[in-house]
Amino acid sequence: MNNEEIINKVANSGLINIDLSNYAPKEEILELDIKQFLFKGLILKEKDFRSKLKNYDFKKYKKKHVALHCGTNTIIPMWAYMLITMYLSQVDAIVNFGNKQSVFQTLMLENINSIEADDFLEKRVLVNGCSTIELNESLYIAITKKLQNKVKSLMFGEACSAVPIYKRRK
């Protein structure tokens, strides 16, 4: 029987592993679909629209992230989004345009952009390829742009099968 100690070469390599899912927003995101304020869910009649907004209870959005969008294929004037945002602001909601998934990705992108790149100065960094949540291309683009001029090397994938992306010239 071999009693040699198993050595974790990856852990000892100085490789920093970044899992982008760690930058996912922790806050709940609620959707608000404009179509509920439209005549027959299709047409914006200003007087009717304003009346419905005035009588709508926005309290459930208090201090929440709100994904504001229109779920029907109709033309919505920009002022309508502004008006709804005004009502949401009165309950301290944080408003972003898009459906829940796109707002989730937007908030993730904000979190990635807030990374202090100098923390990775001259480090070897591996950005995980697998995640428990859906990640879109813009997140991988953002982390690359954020780190490429700071790190010693940048890779994608898993430690056993990393794809080199960037390596600082000596």
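The values are calculated or read from the model by the stated rules, or taken from the named source; none is laboratory data. Keep in mind that what you see is a predicted model, and the values were worked out from it rather than measured. Positions of Cβ are generated from backbone atoms using ideal geometry, with glycine treated the same way; all protein chains shown enter the neighbour counts.
Values for this structure:
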| quantity | calculated |
| --- | --- |
| Unmet criterion (only one of (1) assigned to a helix (DSSP H, G or I); (2) under 30 Å from K62 (Cα atoms); (3) not polar (S, T, N, Q)) for C160 | (2) |
| Given (1) in the same structural domain as K47 (by TED's automatic domain parsing); (2) part of a loop (DSSP other than H, G, I, E, B), index of the condition E134 fails | (1) |
| Test: residue in segment 46-61 that is assigned to a loop (DSSP other than H, G, I, E, B), exposed (fewer than 14 other Cβ atoms within 10 Å of the Cβ) and of a type in the set (K, R) | no |
| Residue that is surrounded by the fewest Cβ atoms within 10 Å (Cβ to Cβ), among those in segment 99-124 that are under 22 Å from G14 (Cα atoms) and not charged (D, E, K, R) | L121 |
| Leading residue by the ranking (modelled with the highest pLDDT) among those in segment 128-140 that are surrounded by 15 or more Cβ atoms within 10 Å (Cβ to Cβ) and farther than 24 Å from F97 by Cα | N128 |
| Segment 92-125: number of residues that are touching a residue at least 40 places away in the same chain (Cβ under 8 Å), farther than 25 Å from A80 by Cα and polar (S, T, N, Q) | 1 |
| Residue, nearest to N17 (Cα to Cα), within segment 145-159, restricted to residues that are surrounded by 15 or more Cβ atoms within 10 Å (Cβ to Cβ) and polar (S, T, N, Q) | S153 |
| Residue list for segment 133-144, filter: without any contact (Cβ under 8 Å) to a residue 12 or more places away in the chain and either charged (D, E, K, R) or over 15 Å from D19 (Cα atoms) (or both) | E137 |
| Restricting segment 19-34 to residues that are assigned to a strand (DSSP E or B) and in contact with a Phe, Trp or Tyr (Cβ under 8 Å, 6 or more places away or on another chain), the residue that is farthest from Y140 (Cα to Cα) | L32 |
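Rundown of residues vs (1) under 30 Å from R50 (Cβ atoms); (2) in the same structural domain as I34 (by TED's automatic domain parsing); (3) at pLDDT below 90; (4) surrounded by 14 or more Cβ atoms within 10 Å (Cβ to Cβ), yes/no style:
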position: T74; (1), (2), (3), (4): yes, yes, no, no
position: M82; (1), (2), (3), (4): yes, yes, no, no
position: Y87; (1), (2), (3), (4): yes, yes, no, yes
position: Q90; (1), (2), (3), (4): yes, yes, no, no
position: F97; (1), (2), (3), (4): yes, yes, no, yes
position: L126; (1), (2), (3), (4): no, no, no, yes
position: A142; (1), (2), (3), (4): no, no, no, yes
position: S161; (1), (2), (3), (4): no, no, yes, no
